[in-house]
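Report on one structure; see the data block that follows.
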Amino acid sequence: MKKKLFNILKILVALALVGWLIQKLDWQLVLKELHDISYGYIVLFVLLQLSAMVLSAKKWQAIALYQDIHFSVWEGFKTYLTGTFINNFLPSTIGGDIYRSLWLVDRGARKGKAFSTVIFDRFLGLIMTSLLTLLGGVFVWQYLDLPPFLSFSYIGVGGLLFFFALWIAFEKTAFVQSLVTQIPWAKLRNLFAESLRYNDFTIWRTAGLWTILFMFVGLGLSNYVLFLALGYTLPFLPFLGLVFLMALYVSLPISISNIGVKEWAYGVLFVLLGVSFEVAVTVAILSRILQTGISLCALPIYLKETSDKILTEEEKA
């Protein structure tokens, strides 16, 4: 019942934000920006997105190897691509994570270990995003006077990162482990509980570096290229600082598939670097369309794997 109510609230938030955008945007200007787009940069964006998925697959491979689960980068890439397809066409980003976990289970991995790789992947991504947001905030602060909402955002991210630092420092203690059992929300409790499985500095360092590379390519460079495609050159370092903060905004589970939230985040953040609200939102819309198109490439892979699985089950029967 609670989950159903929460999903209804997310739909209402999405509708409210979309309605606000429809009313606020000058759509003639948006269409003009899209008409003058440079298609060479669009091709570059697609290549960067595919490269980012390879980096994600490499990161997940390193995490899985820590649990003695083996797969190739190519297999991980196909699974990530399929998971992205599921995320784009289901009302929750959990769908792709469950698919990746069950894919490992089908390959013989224990269910607990398989799900822990995906959960730790998410957990580490949140930590690295918070860290890069604060580091990038230095360049944002040097470039412009921070508006109040931005100052509060960085304070909030700093508090979150401080909490993560305490967690990592004391995660092996009996007190922290008992504290996990008291977390009332099952998903959040499982998130922290599974992170306790990864108590070796080597895996944090290795997977963390792959995460940073993914974020630089998949978030930083990719979004920067889209602004270039529309003919706008933004200051690169402040732009990176805002991109990572944007990623945190977009990850908030307050809308279905972050519809409206992503466009709002682009609109309120990148106007600070001198572009119009319409240009910033156009980049968000363009990013969503292109990422959805890329994920459609996974459809034949998904259908083939589903067909092979059905045939295997029929043969066993």
**Request:** Output the residue which, of all residues in the range 100-120 that are aromatic (Phe, Trp, Tyr) and open to solvent by less than 40 Å² (accessible area, probe 1.4 Å), is nearest to the chain's Cα centre (by Cα).
**Result:** Phe120
**Fill in**
Residue pairs qualifying under the 7 Å Cβ cut-off, at least six apart or on distinct chains, with the first in the range 14-42 being open to solvent by 70 Å² or more (accessible area, probe 1.4 Å) and the second being outside any helix (DSSP H, G or I) and not acidic (Asp, Glu), are Asp36/Gly231
**Prompt:** Can you pull out the residues in the range 112-166 that are without any contact (Cβ under 8 Å) to a residue 24 or more places away in the chain and among the charged types (D, E, K, R)?
**Reply:** Asp145
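Looking at Phe123, Phe89 in this structure, which one is open to solvent by less than 60 Å² (accessible area, probe 1.4 Å) and of a type in the set (Phe, Trp, Tyr)? Talk me through it step by step, then tell me what you get.
Details: Phe89 fails: open to solvent by less than 60 Å² (accessible area, probe 1.4 Å).
Going through Phe123, Phe89 in turn, just one is open to solvent by less than 60 Å² (accessible area, probe 1.4 Å) and of a type in the set (Phe, Trp, Tyr): Phe123.
The values are calculated or read from the model by the stated rules, or taken from the named source; none is laboratory data. Fair warning: this is a prediction, and the values are worked out from it, not measured in the lab. In this analysis, Cβ positions are derived from the backbone assuming ideal geometry, glycine residues included, and neighbour counts consider all displayed protein chains. Side chains are part of the model used for accessible areas, which takes the heavy atoms of the whole protein and leaves out ligands, DNA and RNA. Shrake-Rupley method; radii C 1.70, N 1.55, O 1.52, S 1.80 Å.
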